Amino acid sequence: MTGLRWKAATTLALTLILSWLAAANFASPETRRAHWWLPDQGMRLGLDLQGGIHWVLGAKLDVAVAHELEHLRGRLASQLEEEKITPTRLAVDGERLVVELAKPEDTARARELAAESGVLESAEQGDARLVYRLTQQWRKEVREKGMLQVLEVLRRRIEDPIQGIQDSVVTRQGEDRILVQIPGGQMDRGRARELLEVTGFLEFKIVQDSAPSEELLRAKHPSGIPEDQEIVFERDKQTKRAIGAYLVRKAPDLTGDYLSDARVQFDRQQRPVVGFQFNAEGGRLFGELTEKNVGRPLAIVLDAQVYSAPNIRERIGSQGQIEGRFTSQQAADLAVVLRAGSLSIPVTIEEERSVGPALGADAIRSGALASVASLVAVFVFALAYYRLSGVYAAIAVSLNLIYIVALMSVFRSTLTMPGLAGLVLTVGMAIDGNVLIFERIREELRRGRTPRAAIKAGFDRAVLPILDGNLTTLITAIVLYQFGTGPIKGFAVTLAIGLVTTVFTAVVVTRVLFALYPGERRVTELSI
Amino acid sequence: MPFELIKHDTRIDFVGQSRYAVILSTALLVLSLAACFWPGVKLGLDFTGGAEIQARFAPEAGADEGRIRKALEPFGLSTADIIRIGEGQAHDFLIRFQSESAGDRGELADQIRDALAKDVGAVTLERVDFVGPKVGAELRERGIEALLIASLLLLVYIAFRFTPLFAPGAIIAQVHDVLLTAGLMVVLGREFDLTMLAALLAILGYSINDKIVVYDRIRENMELHTTHDFPNMVNESLNQTLSRTVLTGGTAIFASLTLFLFGGPVIASFGLAMATGIVVGTYSSLWIATPILLWLHARYGAKAPAKPTRKERAARS
């Protein structure tokens, strides 16, 4: 007796708590924050229901390996130079570092230096030709570091404290993929795409020579441009046509790595510019650079494109401005990119899906309609077929739905469009547990048991197939979760939660209801 | 008296009828296979890669396929698939085309929108999906992997919960269910995308659920009535669970059909697949899984109290 009261009481308490959690989902965020007795956050809506954009970006990790090899090549080159050894060939070829030397004793020395680095292993052996590659371990580390760097930069760009996007998501997917989600209509596709793909590598280079076009520039250097220099262009933002050609050294005089901050500012004519600030070391280097080059133009190059090339009028300390016929928006975006840092390896957009809010609202509406229709059908069927016991089943199924919503709120899971379909499906399938029990009870009654005994036997015998059946569907839900992407993961989560609550409501809740009536009473006939 | 849809003393000879069922299934499976060549399997964006735009026009715009196609010409997309979705005078159009990189295709979408707004009428791009070919191929692979792994896990589960004798019947029924459902979807010309995959996996789960209820009853009867001969007992078990099978299947099919009717284009396919899968799954529980179980039991089921073997029976008569 007390066992029953306890069960009934806990079930009721659980129901009340979960109902309150489920209902809280309908309160707006302001209401939630205002009242301490409402949880701060609940179930989230997937992008396919609230609208938004979702990208899957691929990071080119091979480039990280190439950069590392290039860095090692440079180091080996300078080490050999110190020892007055000149290799006939020292180059990076794919994922290999090739060293060819004239004299065998030089080869031996080169081999020693390579071994000292600790990260090179020999890929081929020859007398005068050494071929190296990165060790397995180091290669993995380099790729991993590249990935983490890119993830960090993208996070900073999207979640930027000054103009970051609320509720955005930047997470890693697998070894080399990044998932970015921007909900709502907060950012237009084009801008967001640029923010994600732009490398953001800022360089400051003293201009050796310039001309309005490439032909004119080349005409000034009839014997060709020096090997360690290159031509970079300034382009008009709208038409993308080159409006200036600059001859600069390939190696930058200073890079954006030394920046500590970047903000949108307005110059004397109220035009937007990007003001930047160097850190201590950068400030010192910049001071030296500008001091030595007063009167010459300094090209500010972003991703190999010249933004502007003002003349250096005097020594500049640690601050400066980049001007360039920006709109306010463009200036703000550039500031974000500079603040976040540059991507060490390129990323490409491999998947882009965007959903307008109207479509999402449509989906929610149809999902709600389908759930109500299913629920009503289940009610009608249950009552007509099982009478009073059908009422119990109807209660169980309704509670089931409430529990699912409540649990999804607790776990802050995301409801997606397929997830909504999963809910409807669960409503249709949840009755199965009760059907199994009721059919069993009917059977036991037919065999001549008393109502009480029949109820007990029905539950005892039916629990096992209910558990088994739902457990197997749970297995498929887990597999779905592992192999699915966003919306499908949402379906798997909703399905899985639904399976757990179904077992509970079918077995525990219905039992309690039966124990309340008929309970211990002597009844001749069971309304089932 | 309680209302019974299936009378409790129903005695349908499922076991006897199963030979016809096997013939039917084989025929349908062959048909499904043929359907893979004609009309052919339609793969959705998720698996092929490419671009898909759902454009919603204002009713006054009077948008139609022809005008849209003309507006798309400057982009070299006059051969794109253009489909009106929704019933009757609906104003949503699906525009599909192949593209290699997802990156600049994004800008293309904005340009397309401007062109459509200029040439056809006020439009919003409700949905813009670009899937790179690499991602498409990966999703295809993972989709098949998912089906295989789920089947394997379920097989192992059945072998553990019951005896290994029960497993082959379940696995063959599973494969049968997925292939037949997928085949019927191909015949109906439905598209295979991630949502369809989710449906197939959900059907796997439902189908196994069904088998387990039946197997559980068989096991119970085996323990209680050791003198029954196996085929007859299996038949009885099927009849005993018939009521539940039909009722639950019924509600589940109803729920799936509401999805099909009210769900909107993406979910409608899911609902149809689920409804079909439930019917197929129920059918295979009754007529396909059991003959295999019986066959295995007759050959290897030494644990069961000795039925007279064919030799002995022949010797007696």
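Where a number appears in this text, it was derived from the coordinates with a stated rule and is not lab data. Just so it is clear, the model here is predicted, and its values are computed rather than measured. Cβ atoms come from the backbone with ideal geometry, glycine included; neighbour counts cover every protein chain shown.
Under 18 Å of direct C-alpha separation, and excluding same-chain neighbours fewer than eight residues apart, A:Lys140 reaches these lysines: A:Lys60. Gyration tensor over the Cα atoms of the range A:59-139: the corresponding equivalent ellipsoid has semi-axes (square roots of 5 times the eigenvalues, largest first) of 21, 13, 11 Å. Residue order for A:Met417, A:Met43, fewest other beta carbons within 10 angstrom first, comes to A:Met43, A:Met417. Once the Cα atoms are used to define both axes, helix B:230-262 deviates from the longest principal axis of chain B by about 20 degrees.
From most to least packed by mean Cβ count within 10 Å, the peptides A:47-57, A:137-147, B:75-85 give A:47-57, A:137-147, B:75-85.
To the nearest ten degrees, helix A:357-410 and the longest principal axis of the Cα atoms of chain A are 20 degrees apart. Net charge of the neighbourhood of A:Gly275, taken over other residues with C-beta under 15 Å away and scored Lys/Arg +1, Asp/Glu -1, is 0.
Net charge around A:Ala462, counting only other residues with Cβ within less than 12 Å of its Cβ (Lys, Arg = +1; Asp, Glu = -1)? That works out to -1.
For A:Lys250, neighbours were defined as the other residues whose beta-carbon sits under 12 Å from its Cβ, and their charges (Lys and Arg +1, Asp and Glu -1) total -3. Helices in chain A, meaning DSSP H runs of at least 4 residues, each add -39500 (n - 2.57). Divided by all residues, the mean residue ellipticity at 222 nm is -18000 deg cm²/dmol. Other protein chain C-beta atoms within 10 Å of residue C-beta, averaged over B:206-217: 6.
Report note on the peptides A:16-23, A:297-304, A:78-85: ranked by the mean count of other C-beta atoms within 10 Å, highest first, their order is A:297-304, A:16-23, A:78-85.
Averaged over peptide B:122-131, the number of partner chain Cβ atoms lying within 10 Å of each residue's Cβ comes to 5. Each of B:Tyr283, A:Tyr481, B:Tyr215, B:Tyr20 was scored by other Cβ atoms within 10 Å of its Cβ. Listed from fewest to most, they are B:Tyr20, A:Tyr481, B:Tyr283, B:Tyr215.
When we measure straight from the Cα of A:Lys292, which aspartates and glutamates land under 18 angstrom away, once same-chain ones fewer than 8 places off are left out? Of all the aspartates and glutamates, those that pass the test against A:Lys292 - Cα under 18 Å, at least 8 places apart if same chain - are A:Glu203, A:Asp209, A:Asp253, A:Glu281, A:Glu314.
Fewest-first ordering of A:Ser371, A:Ser28 by other beta carbons within 10 Å of each residue's beta carbon gives A:Ser28, A:Ser371.
For chain A, the longest principal axis of the Cα atoms and the long axis of helix A:486-504 meet at an angle of about 30 degrees. Using R₀ = 25 Å, calculate the FRET efficiency as 1/(1 + (r/R₀)^6) where r is the Cβ-Cβ separation of A:Glu288 and A:Asp267; round to 0.05. Efficiency, from the Cβ-Cβ distance: 0.45. Simple spin-label estimate for A:Arg521 and A:Asp167 gives 4.9 nm between the two label positions (7 Å along the Cα-to-Cβ direction from each Cα). Of the trypsin sites (Lys or Arg not before Pro) in the range A:435-486, the ones in a loop by DSSP (not H, G, I, E or B) with at most 13 other beta carbons within 10 Å are A:Arg447.
Residue pairs exceeding 19 angstrom between C-alpha atoms, taken from A:Lys84/A:Lys250; A:Lys145/A:Lys489; A:Lys205/A:Lys240; A:Lys84/A:Lys205; A:Lys7/A:Lys456: A:Lys84/A:Lys250; A:Lys145/A:Lys489; A:Lys205/A:Lys240; A:Lys84/A:Lys205.
Are there GluC sites (Glu not before Pro) in the range A:253-319 that DSSP marks as loop and that have at most 11 other Cβ atoms within 10 Å, and which are they? The qualifying sites are A:Glu314.
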